[in-house]
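First up is the structure itself, then whatever we jot down about it.
The values are calculated or read from the model by the stated rules, or taken from the named source; none is laboratory data. Fair warning: this is a prediction, and the values are worked out from it, not measured in the lab. FYI the Cβ positions are ideal-geometry reconstructions off the backbone, even for glycines, and counts take in every protein chain you see. When the accessible area is computed, the model is the full protein with side chains, heavy atoms only, and any ligands, DNA or RNA have been set aside. Shrake-Rupley method; radii C 1.70, N 1.55, O 1.52, S 1.80 Å.
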Amino acid sequence: MTIGKPVVRVEDERFLRGEGRFTADYTLPFMVEAHIFRSPYGHARIAAINLDAALALKGVHAIVTGADLPEGLAPIQCRIPTHGDLSPYLQYPLARDKVRYVGEPIAVIVADTRAVAEDAAELIEIDFDPLPAVTDPARAIEPGAEPIHESGNLAGRWGFDLGDVPGALSEAAFIASDSFSIQRHSAMPMETRGLLASYDAGRNLLDIYGPTKVVHTNRNMLAAMLGMGEAEIRMIEPDVGGSFGARGEFYPEDYLIPFVAMRVRRPVRWIEDRVEHFAAINHSRDCAFHVTVAANRDGIITAFDVKLVTDMGSYIRTHGDVVPSHAAASFPGPYRVRNYRIDAMTVMTNKTPTGTYRAPGMFEANFARERAIDRLADKMGIDRAELRRRNLIQPEEMPWYVGTESVKRPTIFDSGNFPLIMDRALKAYGWDAPFEREVNGWKRGRGLCALVEPSGLGPFEGVRIEVDQHGKVQIFSGSSNQGQGHETILAQIASEVLTVPMEKIRVRHGDTGIITFGGGTYASRTAIMGGNAVHSASVGVRQKALDAASRKFGIAVEDLDLREGAIWHGHRNEPVVTLGGIARMLMPGNQEILVSPSAGNIPDNDGLVVTSYVRGVTAGAAVFAVHMADVLVDPETGETKVERYFVACDVGRQLNPLIVEGQIVGGVVQGLGGTFLEELAYNEDGQLTTGTFADYLMPNVYDVPPITALVFEESPALTNVLGVKGVGEVGPSGVGATIGNAIANALATDTGLNKLPLTPERILQSTGFGGLQ
Amino acid sequence: MKPAPFDYFAPTTLEEALGLLKQYGSDARVIAGGQSLVPMLALRLARPEVIVDLNRVAALAGIAEDGESLRIGAMTRQARALASPLVHEKLPLLRHGLENVGHPPTRARGTLGGSIAHADPAAETPMVMLAYRATMVLAGGAGERAVPADEFTLGTFDTCIAEGEILKEIVVEVRPDEGTGFFELSRRRGDFAMASAAARMRLDAAGTCIEAHLMIGAVAPVPLRCDAVAEALVGAIPTEVRIREAVRLIDLDAFEFDNPEISLAYRRHIAPVLARRALMQAASRAGDLRQ
């Protein structure tokens, strides 16, 4: 048995030995390097571009600007459905007449080295006519605001109106209402993006190293933009140092680097540097909610009334409006609230375009909802956990239809026993246990958050499993691996079904050259989608092996059995044949099964190989989680110290407890970054003021509190054979809410703490420090 | 993030280094541990024509006793100073300051002299040297000159080091009978402070304060010397009540730094808190010395 065991990740050894191969580790003969010249302005017209001096620099091979792009080139398409038509806001790979954010690509410089390309960048002369930058979404939609696009700055306005919200509000015994905002921040993978494109002009073949996440989708998008056949492009995922949703989407560079490689007829490599990353990667979050929550006298929440404004940045990218869409669809969370209304606006500003970042929309919505619920509990004078418990969706109400939809799919919670998990979590944490309210002048507070995290979204996933004549198993997966440990868990599933040890199984992934179709890795989906595809293909391999052995040895399939990587007949001491033996038998060239051509081909001469594609389930699998934390606050300075952090969640079934725990702990740390530190801040001119790691602060090892993950396997997902639910995003999802609630509890304040990040200054403001000293 | 082209020299003696500075004048910059200059080069915020690397000038590193003083070579690594028994024993305030400088990897490269010459208003070491009334020894073509710390730092990233000069060493007078205190607050451990405070205090046998120094950092281009606070404490028993009263004399009008993430009002709020804590710590340690 391999599934469910704490198998050490097979990836770790190569990473720990420094033998991982990342994009920057790849070189090719005659390779040159690219550097992107980016807009220094948040909003400006490009009056003229003069490349003469830059092109004259020794070592420069080419400089491409918007004028060099093919006539009629379409902008980069959104890959998922949106609320309304967002096509007027799509981005072209290079700006032509106008730039709309600092960091927008204007030119690509190809030179012998990156350093020479950067020298050349300083010689490019551009006449900009600066325009007023629009950086505040509230002002962006006022009449007379400078239009960023011809279609105006309000890209979309939509919402849901379920039940009778006005009625519930008018009858409410208690109402809490406040505004909550979540700052712009995003993924900061340790490895920045990178691409190496190599074009074989004679054969019209294009190889690209560096894509990840959704390589098949990206390959198809690029094929359409370049007018090439899809199979003429091969995208190859090397080792990847993190994505968290941001890396691996189709960005302007994903067109530009192959495009220039085809132009200069040499391999071109581009490695995003950190300063570029800050301005170029999809930003995320950046939502402002106004929440009204109503309850009756019994502490039953009767309505959520929500307004949501999301700052989309300057263009709509591949993710469309999925962040506000998910936030709106899932806002009611784990509560049985039928009166729900949301009015959502998506607004364009002169900032970097946005996309998803781990727990997209959910980190945001959970913060707003759970802070509002704490306010409500305080008003009602009842325990904060008790208020939540009274309102949880009951197990007999599953599957629960929220009544909303996101990316044109209804929001459904497939299974779960929320009250049971909540009770166990509260008990395990000791929620009700009294605690010291003050320690050496610091105030201690306790907070919690309950949430449902969707997982396993997307239409399909596929794998092909090949067993070779030595019994070694290769899994060719359509999903990607950016450090999560997919090579391990997918191998575990095959190991379990095929009864083959892990050492004999290899997982390859993220390569359009090894499997025809692939879904990719996002939305905590690989354990579910990739995992079930491996399971399905493994079952297929087992059946194929049993059938072949049955035919060859004349034994009924029912009397055969797959154990220890071999076919056994009853309880005999020797196996009939190993899987490797079956693979040899099924090789197309095998004389034993070849018959004369006149007899036609027999069906099983294509190796011990099975391809399986599994279809996704509309709403994936819902994970219920409860977060709790104790936080100390210095009331004199606003300094904080998280003493302990706890996450309880029901993942249905664990494939590998080590990886599950790692996902949760790592996710919490990212959530703490978003809660206390990280912010992509802009000034009024549209300049990014936190564009280096000196200003954009991430948690470091000193800031990580003890984090405990309590993982339940109470309610297996009903929507997949393995019963697994995705665990990638439950870690960060509730951190802002939990910490905000804990600090409010520590300071006994019912104002403030509604704006992330929770800086020491904002923490003090919540108690009105302004009058002090 | 590739630096603009520059010429690079790695002299092994101070004379050689000074010769290069003389030869290249304002086109040249010296590099010490590189913790500030290298990022500035990579961002092309600094673009010297010539870099004179002091890392191979062995004579510039080291900590030595010299009578009542310690002489600290400018190229002494922060990590080395932090681990130095001499520093532990004789310059506790420097040690407390260094504990707040960056992280082990940055301290392994970063130098004392580099940080002092860089003159970041939020940096710990320049403030500690101000608190110690240390002397900066500058070497130049015409010989050496000694500059008191008070006259050394002129403003943000600005010192009195003239063209052709190199900060050679820092001389700090050792006061074995004093207690010291250091507190700072930063958004994240190891980062530059939002405000910081360094204190020194001596007590007589009766526990009366006979000497006090207080510096507030990260609130203005140059760390603030709070002499009024110190004077209010001299002659008094430094109880918490007295210290609370004394820190009210911090000249909050001299605070300048104000930005969206860390407002002037917030700095004015926390600086007296940090000052109080630093003075309390110094008083307590000074008290321990008497026993």
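Annotations for the structure displayed:
- Looking at region B:47-155, the strands (runs of 3 or more DSSP E) lying wholly inside it that each contain 3 or more residues that are open to solvent by 50 Å² or more (accessible area, probe 1.4 Å) and of a type outside the set (Gly, Ala, Ser) sit at B:143-148.
- Breaking point among (1) touching a residue at least 60 places away in the same chain (Cβ under 8 Å); (2) of a type in the set (A, V, I, L, M); (3) more than 9 Å from chain A (Cβ to nearest Cβ), for residue B:274: (3)
- Put simply, of A:732, A:757 the only residue that is surrounded by fewer than 23 Cβ atoms within 10 Å (Cβ to Cβ) and either in contact with a strand residue (DSSP E or B) (Cβ under 9 Å, 6 or more places away or on another chain) or part of a helix (DSSP H, G or I) (or both) is A:757.
- Qualifying residue in region A:551-566 (condition: surrounded by fewer than 21 Cβ atoms within 10 Å (Cβ to Cβ) and in contact with a Phe, Trp or Tyr (Cβ under 6 Å, 6 or more places away or on another chain)): yes
- A single entry from A:175, A:208 fulfils the requirement of being open to solvent by 10 Å² or more (accessible area, probe 1.4 Å), over 19 Å from residue A:358 (Cβ atoms), modelled with pLDDT of 95 or more and part of a strand (DSSP E or B): A:175.
- Taking the conditions (1) within 14 Å of another protein chain (Cβ to nearest Cβ); (2) open to solvent by less than 60 Å² (accessible area, probe 1.4 Å); (3) assigned to a loop (DSSP other than H, G, I, E, B) in turn, residue B:269 satisfies each one other than (3).
- A count restricted to region A:631-675 and to residues that are assigned to a strand (DSSP E or B) and either among the polar types (S, T, N, Q) or open to solvent by less than 10 Å² (accessible area, probe 1.4 Å) (or both) stands at 8.
- Residue match in region A:764-773 (condition: in contact with a Ser or Thr (Cβ under 6 Å, 6 or more places away or on another chain) and modelled with pLDDT under 95): yes
- Odd one out for residue A:738, checked against (1) closer than 30 Å to residue A:415 by Cα; (2) hydroxyl-bearing (Ser, Thr, Tyr); (3) outside any helix (DSSP H, G or I): (3)
- Test set (1) within 11 Å of chain B (Cβ to nearest Cβ); (2) open to solvent by less than 40 Å² (accessible area, probe 1.4 Å); (3) of a type in the set (Gly, Ala, Ser) - residue A:620 fails condition number: (1)
- Any hit, region A:697-712, residues being more than 14 Å from every other protein chain (Cβ to nearest Cβ), assigned to a loop (DSSP other than H, G, I, E, B), more than 24 Å from the chain's Cα centre (by Cα) and surrounded by 21 or more Cβ atoms within 10 Å (Cβ to Cβ): no
- Any chance residue B:189 is of a type in the set (Lys, Arg), assigned to a loop (DSSP other than H, G, I, E, B) and open to solvent by 40 Å² or more (accessible area, probe 1.4 Å): yes
- Within region A:521-546, residues that are outside the structural domain of residue A:667 (by TED's automatic domain parsing) reach partners that are part of a helix (DSSP H, G or I) and of a type outside the set (A, V, I, L, M, F, W, C) with beta carbons closer than 7 Å, at six or more positions or on different chains, in the pairs A:526/A:486; A:530/A:486.
- You will find that of A:454, A:434, the residue that is touching a residue at least 40 places away in the same chain (Cβ under 8 Å) and either farther than 30 Å from residue A:739 by Cβ or open to solvent by 10 Å² or more (accessible area, probe 1.4 Å) (or both) is A:454 and no other.
- Scope region B:247-266; condition within 11 Å of another protein chain (Cβ to nearest Cβ) and assigned to a loop (DSSP other than H, G, I, E, B); matching residues: B:248, B:250, B:259, B:260, B:261, B:262, B:263
- Filtered residue count, region A:465-508, keeping only those that are within 19 Å of residue A:216 (Cβ to Cβ) and either outside the structural domain of residue A:588 (by TED's automatic domain parsing) or not in a strand (DSSP E or B) (or both): 9
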